[in-house]
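I have placed the structure first, in the form of structure tokens, so that the comments after it can refer back to it.
The values are calculated or read from the model by the stated rules, or taken from the named source; none is laboratory data. Just so it is clear, the structure is predicted and the values come from calculations on it, not from any experiment. Backbone-built Cβ (ideal geometry, glycine too); neighbour counts: all protein chains shown.
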Amino acid sequence: MSQRFSLTVLTAVLACLLASSAAWAERRIKPTIDGLQARLDGDRAIVSYRVVRGMSGDVLERIHSGIAVQFRHRIEILSRRAVPLWPSRSVARTVVETSASYDSLTGRYELTRTTRTGKADPGAEERHSTDSRQEMVRWMTELHDVPLLDSDGRLATTKRLRLSVDSAVDRRYVMLMFPSTVSASAERPLEF
């Protein structure tokens, strides 16, 4: 009896592993940052980029089921320290949060974008409504002309700067219990 019970449990565990591996096959496609550009405009840097493969089938399914989905884009300009193992210092930072929700009765997407350019900044909020899925995907995954304010005036004088971008595009649950954030990040030297 115990051997038959253990064989049944082993079969159930293997079936669950097989089902979860099939479900994770789509999730292995990681989002990436593409077209990362920056230019200097007076005392601020202007950054543009897009997240490729940011809208997975799971994210679209959640949006179409009426659940609001939020992406968080963190853009930083870092200066290198003279000591090799010392952490980099943030020269400028902007956080952009985009969200989308779908109203199935009207067939429209409600879009929100909040841009915070500093720790004390409450942020500027922008709202939009559309019935186009392509416009919703563009709103969530593309950032154009995002300003990074230079409070110390170091953008024009510091030579060794790096542009760092991190976009948290999805939250998944491992074994239905442990949250895991799917994100895309990129970093490159900044030259004006």
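Annotations
- Of all the residues in the range 99-115, those that are more than 15 Å from residue 134 (Cα to Cα), in contact with a His (Cβ under 9 Å, 6 or more places away or on another chain) and of a type in the set (Ser, Thr, Tyr) number 2.
- Enumeration of residues in the range 90-111 that are of a type in the set (D, E, K, R) and either in contact with a Pro (Cβ under 7 Å, 6 or more places away or on another chain) or under 17 Å from residue 165 (Cβ atoms) (or both): 93, 97
- Scan of the range 139-162 for residues that are surrounded by 15 or more Cβ atoms within 10 Å (Cβ to Cβ) and modelled with pLDDT of 90 or more, ordered by number: 139, 140, 141, 142, 143, 146
- Residue 76 vs. criteria assigned to a strand (DSSP E or B), within 22 Å of residue 183 (Cα to Cα) and charged (D, E, K, R): yes
- Count of the range 79-97 residues, restricted to those that are touching a Lys or Arg at 6+ places or on another chain (Cβ under 9 Å) and either in a strand (DSSP E or B) or basic (Lys, Arg) (or both), is 11.
- Consider the range 35-76 and keep the residues that are more than 17 Å from the chain's Cα centre (by Cα) and of a type in the set (A, V, I, L, M). The one that is surrounded by the fewest Cβ atoms within 10 Å (Cβ to Cβ) is 67.
- Close pairs (6 angstrom Cβ cut-off, 6 or more residues apart or separate chains): farther than 17 Å from residue 73 by Cβ and surrounded by 16 or more Cβ atoms within 10 Å (Cβ to Cβ) in the range 99-128, modelled with pLDDT of 90 or more and of a type in the set (S, T, N, Q) anywhere: 109/130; 110/101; 110/129
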